[in-house]
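Enquirer: For reference, the structure I am asking about is given below.
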Amino acid sequence: MDVRYELDPVLTRERKAGVLRLWADVVNAGGAVGFVPTVRPEDVRPELDAHLAGMAEGTTRMLLASDEDDRVVGTAFLKLNSHRLMRHWLWMYTIMLHPDRQGRGEGRQLLAAAEKAAGGIDGITGIRLTCRGGMGLERFYKSCGYREVGRVPGAIRVAEGDYRDDITLWLALG
């Protein structure tokens, strides 16, 4: 199945609903994208609305991955820095690939498309992202060329008594 990547796509009502379904599906399959299971699309709507507000302001860019039926299968958001000393890099966050598509190299393809998009933004020389410890995500990102540059032990509380590290990773572009 072919995947199409679009930077700053037009978000129709159907596509927005697709992102909400994707987000809920990813969380409910155990994905670490700001929530813990169990969520419904309505539960993640305020977070998506915040992402969309950043897009409207021009501070956030969205990479949307869709299949041949225009079904939303992945996302990555790119947030530009406003600090004058850090405008040469951006944050990548809410990186999601539908659980049905994982384990086939499509996560690497999504990251590669996001890296290409980031590299096409004037002056951007690096990507910074964070991930939740205890999920194996840092191994995946490291295998894609990112390096761990920081870790805050126990900074993420996913449940009473269940604290995870907040891991920061970096990828130099070019």
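Enquirer: Hey, what D do you get for the range 42-158 in µm²/s if you plug the Kirkwood alpha-carbon radius into Stokes-Einstein at 10 °C and 1.306 mPa s?
Expert: Details: Rh = 15.5 Å.
After rounding, the answer is 102 µm²/s.
Enquirer: In a shell of Cβ-Cβ distance under 9 Å around residue 62, excluding residue 62 itself, what net charge do Lys and Arg (+1) and Asp and Glu (-1) give? Intermediate values should be presented prior to the final figure.
Expert: Working: positive: 61; negative: 6, 8.
Here the count lands on -1.
Enquirer: Could you work out [θ]222 nm for the chain from helices alone, using -39500 (n - 2.57) per DSSP H run of at least four and dividing by all its residues? Round to the nearest 500 deg cm²/dmol.
Expert: On the way: 4 runs with 54 residues, N = 174.
Helix-only estimate at 222 nm: -10000 deg cm²/dmol.
Enquirer: Of the chain, which part is the longest with no GluC sites (Glu not before Pro) in a loop (DSSP not H, G, I, E, B) and with at most 16 other C-beta atoms within 10 angstrom? Don't skip to the answer; put the middle values down first.
Expert: Numbers: sites that count: 68, 160.
Longest run free of exposed loop sites: 69-159.
Enquirer: So what is the orientation-averaged projected area of the range 1-77, using the convex hull of its C-alpha atoms, in nm²? Could the numbers behind the result be given before it?
Expert: Values: hull surface 20.0 nm².
In nm², the orientation-averaged hull projection of the range 1-77 is 5.0.
Enquirer: About its Cα centre, what dipole magnitude does the range 48-174 give when the only charges are +1 on Lys and Arg Cβ and -1 on Asp and Glu Cβ, stated in debye to the nearest 20? Could you put the intermediate results ahead of the total?
Expert: On the way: 17 positive and 16 negative charges, 114 e Å.
It works out to roughly 540 debye.
Enquirer: Can you give the accessible area per residue of the chain, in Å², using a 1.4 Å probe?
Expert: On the way: 9210 Å² over 174 residues.
Averaged over the residues of the chain, the accessible area is 53 Å².
Enquirer: How large, in percent, is the carbon and sulfur part of the accessible surface of the range 28-174 at a probe radius of 1.4 Å? Numbers along the way, then the final one.
Expert: Values: 3740 of 7640 Å².
Using a 1.4 Å probe with all protein chains present, the range 28-174 comes out at 49 percent carbon and sulfur.
Enquirer: Using a Gaussian network model of the chain whose springs link C-alpha atoms within less than 10 Å, name the residue from 53, 76, 65 with the highest mean-square fluctuation.
Expert: 53
Enquirer: Let me ask something else about it. What whole-number value in cubic angstrom gives the convex hull volume per residue for the C-alpha atoms of the range 126-174? Provide the component values of the computation, followed by the final result.
Expert: Values: hull volume 2.6 nm³, N = 49.
Dividing the Cα hull volume of the range 126-174 by its residues yields 54 Å³.
Enquirer: Just to check I understand the Karplus step: with θ = phi - 60° and J = 6.51 cos²θ - 1.76 cosθ + 1.60, what whole-Hz values come out for the range 24-33, glycine and proline as x?
Expert: 5, 4, 5, 4, 5, 8, x, x, 9, 10
Enquirer: Have a look at 105, 145, 54 and tell me which one the Gaussian network model of the chain (Cα, springs below 10 Å) gives the largest fluctuation.
Expert: Per the Cα network of the chain with a 10 Å cutoff, 105 tops the list.
Enquirer: Something else: Using only Cα atoms, locate the centre of the range 57-104 and the centre of the range 111-146, then give the distance between them in Å, rounded to an integer.
Expert: 10
The values are calculated or read from the model by the stated rules, or taken from the named source; none is laboratory data. Because the structure is a prediction, the values reported are computed rather than measured. As a convention, Cβ positions derive from the backbone with ideal geometry for all residues, glycine included, and neighbour counts pool all protein chains shown. What goes into the accessible areas is simple: the full protein's heavy atoms, side chains included, and nothing from ligands, DNA or RNA. Shrake-Rupley method; radii C 1.70, N 1.55, O 1.52, S 1.80 Å.
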